[in-house]
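Visitor: Dumping the structure here so I can ask a few things about it.
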Amino acid sequence: MAKFNIEKVTRIEKQYILKAKRKTALSLFTGAGGFDLGLEAANYKIVGCVEIDIDARQTILRNRPEWNLL
């Protein structure tokens with residue numbers, strides 16, 4: 001009979017639960033994105049960022065190209 005590692009199962013289940021419970025956020029007045037980084041660390045998915053400042057937009061595009069900058 002094959003043995004399984006209960007720690008590995010628990011880790012996989014935890015990853016699944018975290019993905020299933022992931023909340024979304026739309027960032028307004030994003031700035032350089034510091035608050036959004038905190039949201040990502042808290043397991044939020046940033047679905048879009050709104051910023052009009054040119055320097056802040058360039059910073060976001062350079063550092064977080066995967067963010068949807070509106």
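Visitor: What are the pairs with Cβ atoms under 9 angstrom where one residue, in segment 34-54, is more than 14 Å from ARG64 (Cβ to Cβ) and the other, located anywhere, is part of a helix (DSSP H, G or I) and modelled with pLDDT under 90? Sequence gap at least six, or different chains.
Guide: Cβ pairs passing all conditions: ASN43/LEU18; ASN43/LYS19.
Visitor: Follow-up. Hey, could you check segment 31-59 for residues that are of a type outside the set (D, E, K, R) and more than 14 Å from the chain's Cα centre (by Cα) and say which is most open to solvent (accessible area, probe 1.4 Å)?
Guide: My answer is ILE52.
Visitor: With the chain as the region, which helices (runs of 4 or more DSSP H) entirely inside it contain at least 2 residues that are out of contact with any Leu (no Cβ under 9 Å at 6 or more places or on another chain) and modelled with pLDDT of 90 or more?
Guide: Ranges flagged: 34-41, 54-63.
The values are calculated or read from the model by the stated rules, or taken from the named source; none is laboratory data. None of the values given here were measured: they were computed from a predicted structure. No Cβ is skipped: glycine too gets one built from the backbone with ideal geometry, and neighbour counts run over all protein chains shown. Ligands, DNA and RNA are stripped out before the accessible areas are found, and what is left, the full protein with its side chains, is counted by its heavy atoms. Shrake-Rupley method; radii C 1.70, N 1.55, O 1.52, S 1.80 Å.
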